[in-house]
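First the structure, in the form of structure tokens, and then the observations on it.
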Amino acid sequence: MPTERELLNRIVVRRDVFDGKPIIRDMRISVEQVLGMLAAGDTPEDVLREYTFLEPEDIQACLLFAHRSMSGEHVHARISIREST
């Protein structure tokens, strides 16, 4: 089972992708998109079927990111912020 740090390392912020919204593993899918699907009633299995390149740990990372953000932690300071290359 991955540690919380390993999970949060899956979340990346790139200023040149989605205006700096947190994304998963440097791909063009946002944490917001995954959380929106879950909030709309999709199961994690539904998300994984829709986005076959995602891994179960990516969904767990999104949930952890949301939890930490709502708890008032400065999660953005802990995740990787990358400049465009």
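The values are calculated or read from the model by the stated rules, or taken from the named source; none is laboratory data. Keep in mind the model is a prediction, meaning the values are calculated, not measured. Reconstructed Cβ throughout: ideal geometry from the backbone, glycine too, with neighbour counts over all protein chains shown. Keep in mind that these areas ignore ligands, DNA and RNA; they rest on the heavy atoms of the full protein, side chains included. Shrake-Rupley method; radii C 1.70, N 1.55, O 1.52, S 1.80 Å.
In µm²/s, what is D for the stretch 1-46 at 37 °C and 0.692 mPa s, where D = kT/(6 pi eta Rh) by Stokes-Einstein and Rh is the Kirkwood radius from Cα pairs?
On the way: Rh = 11.4 Å.
It comes out at roughly 287 µm²/s.
Once amide H atoms are built 1.01 Å from N in the peptide plane, which residues 5 or more positions from I11, or in another chain, come under 5 Å H to H?
Residues meeting the amide H criterion: R25.
Just to verify a number: what accessible area does T43 come out at with the full protein assembly present, 1.4 Å probe, Å² rounded to tens?
Ignoring ligands and nucleic acids, T43 comes out at about 60 Å².
What is the spin-label model distance, in nm, from E32 to E45 if the labels are put 7 Å beyond Cα along the C-beta direction?
3.0
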